[in-house]
Amino acid sequence: MPTIHLKTEIPGPRSRELNEVRHEHVSPGPFHTTPVIASHAKGSVVTDVDGNSFLDFSSGIGVTNLGHRDEAVMRAVAEQAEKFVHTSINVVAYEGYIRLAERLNALLPKAAPCKTFLANSGAEAVENAVKFARVKTGRQAVIAFEHGYHGRTYMAMALTAKAHPYKSGFAPFPAEVYRAPYPDFYRWPGVQGDPGGCPQVSTCPLERCFCQEVFNSFAEIARGQIGEQNVAAVIIEPVAGEGGFVPAPAPFLKMLRRWCDEHGVVLIFDEVQTGFGRTGSLLACHQLDVTPDLVVMAKGLANGLPLSAVTGRAEVVDAVGLGGVGGTYCGNPLACAASHAVLDRFEDPAVLAHACHIGEVLRHRLEAFAKRFPCVGQTRGLGPMRAIELVTDQGTKQPNKAATQAVVQYAYEHGLILMACGTHGNVLRFLVPLTMNDEELNEGLAVVEDALASLE
Ligand SMILES: Cc1ncc(COP(=O)(O)O)c(C=O)c1O
């Protein structure tokens, strides 16, 4: 039974009516990539106010990893709502927050003892991670990476690489933010064709060790432009998300780890998008076998309730004085209850096993697309966090943003919620709920295949 069911033209009459009210009353700032209005959602399906059902390949930007309205999560939220919904952790603390911190600390056993600070959004957690690093080291500089995305608040925006639409018009940004190249081998200078990913073996069969080249470039920026002794933190996404789903190979991250240890620098992994099963492990750092000093989490952490966390080495988190970080809603009780249910669900190994299965299905199908369609320049990702990069020509690798937008539009018109990303806006990303079944996955991928075929 197909899940996609379009009963009206889209957007339908109710959506169109509400879109008009939106245009009149809502800031034009937020995107509206699928311009219908949601009525309800369950599992992998979102139904709009006109009764049209869409298959969701976005998970609300990588948030509802356990599917919309996971029963255990909803039950936990409802039970908490019967007790209390807010006291503010700054005023009267509650067990849900305290026990959640205890559970999140256990996610970084190699950094033990750990401590956690809870906030509301990914950007807010990034801001606080930088505060912890600066106060701990007494230094100012933060090194971020090309393709990096860390959010919309001022420090997070400064750390974000892409100018438009994230930063244009919003300057000036906070000082002491520096940018180093990200290990994007496909677009590394002098690379012809698709070199594939890092083979991650001790005897690298590639002619050049790209990890070493990218790391050398990083180390030179740190030495020459900043001075290692001035660097408070290095912040990196284990898979660059908004920047194009580019995985950072473990050997590169290990070089960064060693460098941070040598120079007393706090290594921050931004796992806002990669966390909670998105790459096939609970956190991406678990499979990469590199332990950061601080990890930033949000999105899948509470499967749709607003919650974020900074977890990491206690000596770093403890450096901040009483009252030094906080916020009225930080670690809201409903969101904490949801997050406990999320962690409970991930205790069942079948959940991550299914996520890995989705990753394999996606990998096979996307590689087949790459063979069939010359506009696919590269297929890449980690586990189920997968993408294809579209180009006008595989030789020149000219980004094909127009084709990417055309595929997203075709998908929308055929009932599939699909998102683009990438520094050049030419990457199709697959952020399916990690509970999606094979029929749904194949149904959505067939729409993508038809969309790619329609370009020819
Ligand atoms: C890696 C990463 N960091 C930070 C953020 C910002 O999170 P939020 O939108 O919750 O502020 C995002 C959001 O997409 C993200 O992908």
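A few comments on the model shown:
- Residues in region 325-348 that are closer than 22 Å to THR87 by Cα and open to solvent by 40 Å² or more (accessible area, probe 1.4 Å): THR328, TYR329.
- Out of ASN105, ASN120, sole residue that is more than 12 Å from the ligand (Cβ to nearest atom) and either hydrophobic (A, V, I, L, M, F, W, C) or farther than 23 Å from HIS424 by Cβ (or both): ASN105
- Filter result for GLU315 (over 21 Å from the mean Cα position of the chain (by Cα), free of Cβ contacts under 8 Å to residues at least 12 places away in the same chain and within 30 Å of LEU267 (Cα to Cα)): no
- Some residue of region 39-49 being in a loop (DSSP other than H, G, I, E, B) and not basic (Lys, Arg): yes
- Test: residue in region 304-313 that is outside any loop (DSSP other than H, G, I, E, B) and either surrounded by fewer than 18 Cβ atoms within 10 Å (Cβ to Cβ) or charged (D, E, K, R) (or both): yes
- Boolean, ALA406 is part of a strand (DSSP E or B), within 18 Å of THR33 (Cα to Cα) and small (Gly, Ala, Ser): no
- In this entry, ARG75 passes the filter for residues that are under 17 Å from ALA302 (Cα atoms), charged (D, E, K, R) and more than 16 Å from the ligand (Cβ to nearest atom).
- When residues of region 284-303 are limited to those that are part of a loop (DSSP other than H, G, I, E, B) and surrounded by fewer than 24 Cβ atoms within 10 Å (Cβ to Cβ), the one farthest from the ligand (Cβ to nearest atom): ASP289
- Every pair of residues 6+ apart whose Cβ atoms lie under 6 Å, when the first sits in region 15-28 and is of a type in the set (A, V, I, L, M, F, W, C) while the second is not in a helix (DSSP H, G or I): LEU18/ILE37
- Once region 123-147 is narrowed to residues that are near the ligand (Cβ under 8 Å from one of its atoms) and among the small types (Gly, Ala, Ser), the residue that is most open to solvent (accessible area, probe 1.4 Å) is ALA123.
- Residues located in region 377-402, provided they are under 18 Å from TRP188 (Cα atoms), in contact with a helix residue (DSSP H, G or I) (Cβ under 7 Å, 6 or more places away or on another chain) and aliphatic (A, V, I, L, M): ILE388, LEU390
The values are calculated or read from the model by the stated rules, or taken from the named source; none is laboratory data. Quick caveat: nothing in here was measured; it's all calculated off a predicted structure. Heads up, the Cβs are rebuilt from the backbone with ideal geometry, glycines too, and the neighbour counts pull from every protein chain shown. Quick note on the areas: whole protein, heavy atoms, side chains included, nothing else; ligands and nucleic acids left out. Shrake-Rupley method; radii C 1.70, N 1.55, O 1.52, S 1.80 Å.
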